[in-house]
Amino acid sequence: MAIRDFAQTKDGLKLRYEIRGSGEPVALIMGFSGSGRGWGEPFLKLMESRFKIFVIDNRGTGESDKPDAPWTMNDMASDIACVLDHANTPRAHIFGISMGGMIAQEFALTNPARTRGLVLGCTNCGASKGIAAPPEAVAALMPTPGTPPEEQARRAFAVACGKAFLNSAAGQATLDREIAEMGNYPATPMHTFARQAAAIGGFDTFARLTEIKSPTLIIHGDDDAIVPHQNAEILHGAIAGSSVHILKAAGHMFFWEAPEETVRVAGDFLNRVN
């Protein structure tokens, strides 16, 4: 039975989270503009069969508060700590994808004693050393006023998903299902896109990555048009003892495209962490 609740952030916002499954705790941190629903049920069901998962709506998304005010990636890392505090969970595995992987890096750096295993999916270390996507790929993720939400989503996922997935019947069925599901949850407002993009623009961990001591798995699809997969090797080279898993023919949404492989690899890694 899922537990749904709200935590309060240090600056007084309400953050929606859900706890599912049982076992070792894993905080799941979603990427740019997405709510906790963005992981997709196939992935979440597989994860909750192995772990106690915290499915979090980042500030600005889902049922969490959506302030139109500046914030930083460090603020969002603090939000994760507030959720874990509210749920009386002193230590947890941290699994973030894309922008969520940036939040996860900040969390591990500021809360080393609270971070067990760290999984960084389809992410980078910031502007100074990260390899950027082509501008047109990033532009596809940004909303345009007056565009219907479904059209907007399809444009974004046409870039965020790998070509093999997009060209398969199963992939198209997944997209249809996930886009329909989005209609059941509060939409991410225009200003959140701008506030999260600004937080990403101010993010850079490269010089501090050597400070990450938690066991770390870096996971990435080799057909990622949003965060090129070469970023995985940059993170790997800077985080001592880290390991890398590259998913073949998978895009930025690898957890939709290959949920079984993702959960098997990440789950087996986390089960080895003390």
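All of the numbers you see were taken from the coordinates with simple rules; none came from a lab. A quick note: this is a predicted structure, and the numbers were derived from the prediction, not measured. Backbone-built Cβ (ideal geometry, glycine too); neighbour counts: all protein chains shown.
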Sites excluded, trypsin sites (Lys or Arg not before Pro) in DSSP loops with at most 16 other C-beta within 10 Å, longest stretch of the chain: 92-212
Residue exposure sequence - Cys125, Cys161 - by fewest surrounding Cβ within 10 Å: Cys125, Cys161
Kyte-Doolittle mean at least 0.5 and Cα axial length at least 15 Å: DSSP H helices in the chain: 99-110
Check: the chain dipole with +1 on Lys, Arg Cβ and -1 on Asp, Glu Cβ, in debye: 520
DSSP-defined antiparallel bridges as percent of all bridges, the chain, nearest 5: 35
Whether region 65-133 is rounded, prolate or oblate, judged on the alpha carbon gyration tensor where a/c under 1.5 counts as rounded: oblate
Cut-off 17 Å (backbone N to label point 7 Å along Cα→Cβ of Asp204), residues of region 58-101: 72-74
Anisotropy class of the chain from Cα gyration tensor, a/c 1.5 cut: rounded
Footprinting exposure proxy for Asp268, Asp79 (fewest neighbouring C-beta atoms within 10 Å first): Asp268, Asp79
Stretch gain in nm, segment Ala240-Ala127, where the contour uses 0.36 nm per residue and the Cα spacing is subtracted: 38.6 nm
Cα shape, region 58-201, gyration tensor, a/c 1.5 rule: prolate
Simple Cβ-charge dipole of region 136-217, Lys/Arg +1 and Asp/Glu -1, about Cα centre, in debye nearest 20: 180
Amide N proximity, region 177-218 versus Asp11 label position 7 Å along Cα-to-Cβ, cut-off under 13 Å: 192, 195-200
Rounded Å value of the spacing that divides the Cα centres of region 35-96 and region 177-225: 12
Neighbour-count ranking [beta-carbon atoms within 10 angstrom, fewest first] of Ser128, Ser33: Ser128, Ser33
Theoretical gain in end-to-end length, Ser49 to Lys248 [0.36 nm per residue, Cα-Cα removed]: 69.2 nm
Assigned charges on the beta-carbon of Lys, Arg, Asp, Glu; region 172-228 dipole about Cα centre (debye): 340
Among Ala153, Pro215, Gly121 the positive-end extreme of the charge dipole of region 3-272 (Cβ point charges): Pro215
Spin-label model distance (nm) - Met190 vs Met1, 7 Å beyond Cα toward Cβ: 4.3
